[in-house]
Every structure is written in C-alpha cells, then in structure tokens.
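Undergrad: Quick one: structure below, then a few questions.
Each value in this text was obtained by applying a stated rule to the coordinates, not by laboratory testing. Small disclaimer: the values here were computed from a predicted structure and weren't measured. Note that we place each Cβ from the backbone using ideal geometry, even for glycine, and neighbour counts take in every protein chain shown.
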Amino acid sequence: MTMKLFVPAFFIVGLISLGACSPEKLPPSDEALESKAEALAEQKIETGKKIYESNCAGCHDSGVSGAPKPGDKDAWRERITPGIAAMVKKSIEGYEGKTGVMPPKGGNDTLTNEEVANAVDFMTVNLK
C-alpha cells in the first residue's frame, strides 16, 4: 500500500520539478537592440512632427521672431552647437536671443517636456 502512494507522489514531485526548469532566456542580440532603438527614434520623430505641426509650425514655418525653420542648417548652426539637450531646455523654459523670443513651451503650457523634446528632435533631425 505504501508503494501505491509512493509512485503517484514521486510522479507529482517530478512534474513540479520539471515545470520549474525552463530554458534560460538568451539576451537580445545587438542587432535586435539596434532595431528597437531605431524604431523608438523613428517613433519620437513622428510624434515630434505631429507636435510641431499642431503647436510650433505657426512661428517656425514663417520664421516669426527669428524662429529657425526646420532643416535650415544656417539658422540652426549657432543654436545646435551647445547640444540638443540645451536646446530642449531653452524650448521648455523659454529663451530670449539675438533675433527674437521663444516663449516657454512655445506658448503652450499644456505640452509635456517630452513632447517639446520630440518637437525639437523633429526640427533638428537632419542637422545631426
């Protein structure tokens, strides 16, 4: 009778043990990581384009108050020298320069800092 209980108990313990063993997950390859990073960068640029079109284009497309136009390397040269992070900070906090004024968040306080950063990335993507 003890043998009859031993076999099912042994079988159940064995199944539980096997269930706990799983093949080790391999780390993602460099190629997979690069692909994911590229997809995220493209998504940020696309999001930035939408933010730009609905919030920034009014000034930047026409150059109001010296606003640099997207892709205009000459207009961006001096601005981009300190780096994208510095430009994002100025775009969020506002900035008064030689040629005009950039109000904080382009005058739209409802924009998040990330949205502003994405718009800056969109405007400068071809300058990097």
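Undergrad: Out of all the residues in the stretch 77-108, which are under 11 Å from VAL120 (Cα atoms) and either among the hydroxyl-bearing types (Ser, Thr, Tyr) or more than 21 Å from the chain's Cα centre (by Cα) (or both)?
TA: Matches in the stretch 77-108: SER91 only.
One line per residue, one yes/no per condition, for (1) surrounded by 17 or more Cβ atoms within 10 Å (Cβ to Cβ); (2) touching a residue at least 24 places away in the same chain (Cβ under 8 Å); (3) of a type in the set (Phe, Trp, Tyr):
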residue: LYS36; (1), (2), (3): no, no, no
residue: GLY71; (1), (2), (3): no, yes, no
residue: ALA86; (1), (2), (3): no, no, no
residue: GLY97; (1), (2), (3): no, yes, no
residue: GLY100; (1), (2), (3): no, yes, no
residue: PRO104; (1), (2), (3): no, no, no
residue: THR112; (1), (2), (3): no, no, no
residue: ALA119; (1), (2), (3): yes, yes, no
